[in-house]
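Data block below; observations after.
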């Protein structure tokens with residue numbers, strides 16, 4: 001029998017109070033946990049710890065994940081755990097669509113002991129586009145209380161829906177809002193570089209997102225590639241780029257969603273920097289790039305007094 005465990009919080013006295021555990025002391029809690037464990041798990045059973053992580057844009061390079069693995073494999077027992085890494089768009093797995101670039105990258109990712117959960121950014125094709133090119137090579141799977149898409153050759157690289165969708169990641173009810181505008185769109189078009197005209201959500205998909213917010217809220221976690229308009233890091237905008245040429249439809253849409261939504265945490269990528277925004281009414285906004293991997297549980301359970309370094313894996 002295989003068992004998966006996480007977050008026992010042994011020796012963590014505050015967990016009795018915060019989680020309303022029915023114990024008078026740590027000793028009583030430990031005794032109950034050990035007793036129930038021994039009654040359930042036998043010597044021949046396989047016990048796996050489940051760990052969840054967040055990371056921003058890796059743009060077709062497995063190096064950020066490889067570095068994290070090499071640096072932390074012993075400390076975090078990555079080789080003996082079930083590891084899930086949510087990538088916040090611009091993964092680059094389905095970027096070129098021709099040649100060997102994408103295949104080589106996916107092969108490198110697949111060597112690492114993670115299941116990668118990929119949100120669509122702007123610098124990659126929609127999953128439907130890729131599946132239509134090779135329908136026999138893909139399958140749709142029911143997982144995380146929703147539908148994901150998997151290329152049979154790379155079963156540990158999973159793709160979320162092209163449009164808004166609801167999932168359950170490690171018991172956290174999650175709304176995914178993919179897509180963004182490429183500020184280098186005209187540069188790419190002029191030089192015949194890869195660019196996808198359907199990189200942003202269309203009106204039908206936006207309306208689906210509104211419907212999900214009305215019918216499925218509250219959410220523990222929201223995942224998007226770009227961010228709500230009010231959270232745009234204007235200090236990171238490209239120098240010399242005329243901002244009047246930038247289509248901010250997605251940011252304004254996400255701003256509308258964020259203003260009306262009951263949620264706890266929101267994570268996004270796109271802007272190539274790590275940033276933890278000020279705490280607001282118990283809600284926390286996080287921007288991630290590819291240098292620091294965040295522990296999902298630490299992010300979800302952080303307090304107002306904690307900082308970015310407290311949620312790094």
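The values are calculated or read from the model by the stated rules, or taken from the named source; none is laboratory data. Treat the numbers as computed from the prediction; the structure is a model and nothing was measured. Every residue, glycine among them, receives a Cβ derived from its backbone with ideal geometry; neighbour counts consider all protein chains shown.
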Looking only at the stretch 166-183, and only at residues there that are surrounded by 15 or more Cβ atoms within 10 Å (Cβ to Cβ) and part of a loop (DSSP other than H, G, I, E, B), the one that is modelled with the lowest pLDDT: 183
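Matching residues to (1) within 16 Å of the chain's Cα centre (by Cα); (2) free of Cβ contacts under 8 Å to residues at least 24 places away in the same chain; (3) at negative phi:
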| site | (1), (2), (3) |
| --- | --- |
| 222 | yes, no, yes |
| 240 | no, yes, no |
| 243 | no, yes, yes |
| 275 | yes, no, yes |
| 293 | yes, no, yes |
| 306 | no, yes, yes |
Condition check for residue 286: in contact with a helix residue (DSSP H, G or I) (Cβ under 7 Å, 6 or more places away or on another chain), farther than 19 Å from residue 119 by Cα and surrounded by 14 or more Cβ atoms within 10 Å (Cβ to Cβ): no
When residues of the stretch 63-88 are limited to those that are out of contact with any strand residue (DSSP E or B) (no Cβ under 9 Å at 6 or more places or on another chain) and outside any helix (DSSP H, G or I), the one farthest from residue 222 (Cα to Cα): 74
Matching option when the condition is in contact with a helix residue (DSSP H, G or I) (Cβ under 7 Å, 6 or more places away or on another chain) and either in contact (Cβ under 8 Å) with a residue 40 or more places away in the chain or assigned by TED's automatic domain parsing to the domain that holds residue 169 (or both), among 73, 111, 104: 73
Test result for residue 91, surrounded by 14 or more Cβ atoms within 10 Å (Cβ to Cβ), touching a strand residue (DSSP E or B) at 6+ places or on another chain (Cβ under 9 Å), assigned to a helix (DSSP H, G or I) and modelled with pLDDT of 95 or more: no
Checking residue 154 against (1) in contact with a helix residue (DSSP H, G or I) (Cβ under 7 Å, 6 or more places away or on another chain); (2) closer than 22 Å to residue 60 by Cα; (3) not in a loop (DSSP other than H, G, I, E, B), the condition it does not meet: (3)
Output for the stretch 186-209, where each listed residue is modelled with pLDDT of 95 or more and buried (at least 16 other Cβ atoms within 10 Å of the Cβ): 201, 205, 206, 208, 209
Residue within the stretch 112-135 that is in a helix (DSSP H, G or I) and over 23 Å from residue 182 (Cβ atoms) present: yes
Condition check for residue 271: under 18 Å from residue 56 (Cβ atoms) and assigned by TED's automatic domain parsing to the domain that holds residue 53: yes
Members of the stretch 26-60 found to be at pLDDT 75 or above and in contact with a helix residue (DSSP H, G or I) (Cβ under 8 Å, 6 or more places away or on another chain), listed by number: 29, 49, 51, 52, 53, 54, 55, 58, 60
